[in-house]
Amino acid sequence: MTVEDGLYASEREHMVESQIVRRGVRDVRVLEAMRDVPRHVFVAPEYRYLAYADGPLPIGNGQTISQPYIVALMSELLELRGDEMVLEVGTGSGYQAAVLARLARQVHTIERYANLARYAAGILQELGLDNVHVHTGDGTKGLPDFAPYTGIIVTAAAPNIPRPLLDQLEDGGRLVIPVGSRGGQVLERWTRHGERFDYESIIPVAFVPLVGEQGWKD
């Protein structure tokens, strides 16, 4: 291990304890994933010194890498055990997908911006995460070719719940998504019970808009 690797490992441990455990995330598998995934490699070099800070960071195209706590919380809300098929809408730089890769059997992630999708795919490949599959397209329509999913996680804010995402959940599956206005949202969890869906409001959040046919327009 190099000095730099040791420094980042120490920063990750401090991030988990001070930002994530302190706020109530308890899933042991999620905490281990947050300790293991090198967030700094998903951050542009000019922001790398802030990689483990308590906040989002810009990644280009008006998008952000989410705050570590939010990544951990959304992952915990899926209640993954390791054998699931998961869909992520909004790949960004690939950080959330890398965390999910350690929690589920297969992860499909879809990104609207082709340059971000290519960037994320390259990093995920370098990390050897061959159970993550990166797609380019309109994530508001989901990825029906690989449905149903045990969990769906949306990393951008929708004005309403995209119906295709609900339809692509398996029975008992969970959708975690921020819903609200462009200025502020509430993180929601939707759980499928046959043709019925239950939902819970979790916490207020602020995400970039989810753009697409079933989301915000350009």
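Throughout, read-outs are computed from the coordinates displayed, never taken from laboratory work. None of these values were measured; they are calculated from a predicted model. Because the Cβ atoms are built from the backbone with ideal geometry, glycine has one as well, and the counts that use them run over all protein chains shown.
Taking the Cα centre of the range 3-205 as origin, sum charge times position over the Cβ atoms of Lys and Arg (+1) and Asp and Glu (-1), and report the length of that vector in debye to the nearest 20. Can you show the working numbers first?
Values: 20 positive and 27 negative charges, 75 e Å.
Here the size comes out at about 360 debye.
Rounded to whole Å, give me the distance from the Cα center of the range 4-67 to that of the range 114-142.
With the range 4-67 and the range 114-142 each reduced to a Cα centre, they are spaced 19 Å.
With only alpha-carbon atoms in the gyration tensor, what are the semi-axes of the equivalent ellipsoid for the range 3-205, in Å, largest first? Don't skip to the end; give the middle numbers.
Numbers: eigenvalues 128, 67, 55 Å².
That gives 25, 18, 17 Å for the three semi-axes.
Taking a virtual spin label 7 Å from the Cα of residue 28 along the C-beta vector, which residues in the range 55-96 bring their backbone nitrogen under 18 Å of it?
76-77, 79-83
How about the range 136-218: which trypsin sites (Lys or Arg not before Pro) there lie in a loop by DSSP and see at most 14 other Cβ atoms within 10 Å?
Numbers: sites: 141, 174, 182, 189, 192, 196, 217; in loops: 182, 217.
When the trypsin sites (Lys or Arg not before Pro) of the range 136-218 are filtered for loop state and at most 14 Cβ neighbours within 10 Å, 182, 217 remain.
Taking the Cα centre as origin and putting +1 on Lys and Arg beta-carbons and -1 on Asp and Glu beta-carbons, what dipole magnitude results for the range 89-218, to the nearest 20 debye? Working shown, then result.
Numbers: 12 positive and 14 negative charges, 43 e Å.
It comes to approximately 200 debye.
Would you mind giving the three semi-axes, in whole Å and largest first, of the ellipsoid equivalent to the range 42-116 according to its Cα gyration tensor? Mind showing how you got there, number by number?
Working: eigenvalues 98, 45, 17 Å².
Value: 22, 15, 9 Å, ordered largest first.
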